Amino acid sequence: TLDIENLEVKPEERGEGHGRALFLLVQRFAYNVGARWIQIDSELDAVGFWLRMGFEETGATFYGGKVSMTKQVPDP
């Protein structure tokens, strides 16, 4: 499992596709190192982004109200 600690785009640059492009690089990296899953503890205001990237909520909420989310690493 590849654990994403933090992935952030400046607020003034959000909505321009930078987060998606960055995540696709992370996803390719995960595949290349043999990870089968990607996991992130998401900030509440970013849950929608991760859902659009194909993540699912695990049902666990951690410190600071973060939401645990996972995604299986797809073949390229």
Filtering region 65-76 down to residues that are open to solvent by 70 Å² or more (accessible area, probe 1.4 Å) and not acidic (Asp, Glu), which residue is modelled with the lowest pLDDT? PRO76
Filtering region 47-64 for residues that are within 15 Å of ASN6 (Cβ to Cβ) and open to solvent by 30 Å² or more (accessible area, probe 1.4 Å) leaves a count of 4
Residue pairs qualifying under the 8 Å Cβ cut-off, at least six apart or on distinct chains, with the first in region 1-13 being part of a loop (DSSP other than H, G, I, E, B) and the second being open to solvent by less than 100 Å² (accessible area, probe 1.4 Å) and aromatic (Phe, Trp, Tyr), are LEU7/PHE23
Taking the condition of being under 18 Å from THR1 (Cβ atoms) and touching a strand residue (DSSP E or B) at 6+ places or on another chain (Cβ under 8 Å), how many residues in region 22-46 meet it? 13
Members of region 1-46 that are open to solvent by 90 Å² or more (accessible area, probe 1.4 Å) and hydroxyl-bearing (Ser, Thr, Tyr): THR1, TYR31
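The values are calculated or read from the model by the stated rules, or taken from the named source; none is laboratory data. It should be emphasised that the depicted structure is a prediction, and the values quoted were computed from it without experimental measurement. Note: ideal-geometry Cβ built from the backbone for every residue, glycine included; neighbour counts use all protein chains shown. Ligands, DNA and RNA are excluded from the accessible area calculation, which covers all protein heavy atoms including side chains. Shrake-Rupley method; radii C 1.70, N 1.55, O 1.52, S 1.80 Å.
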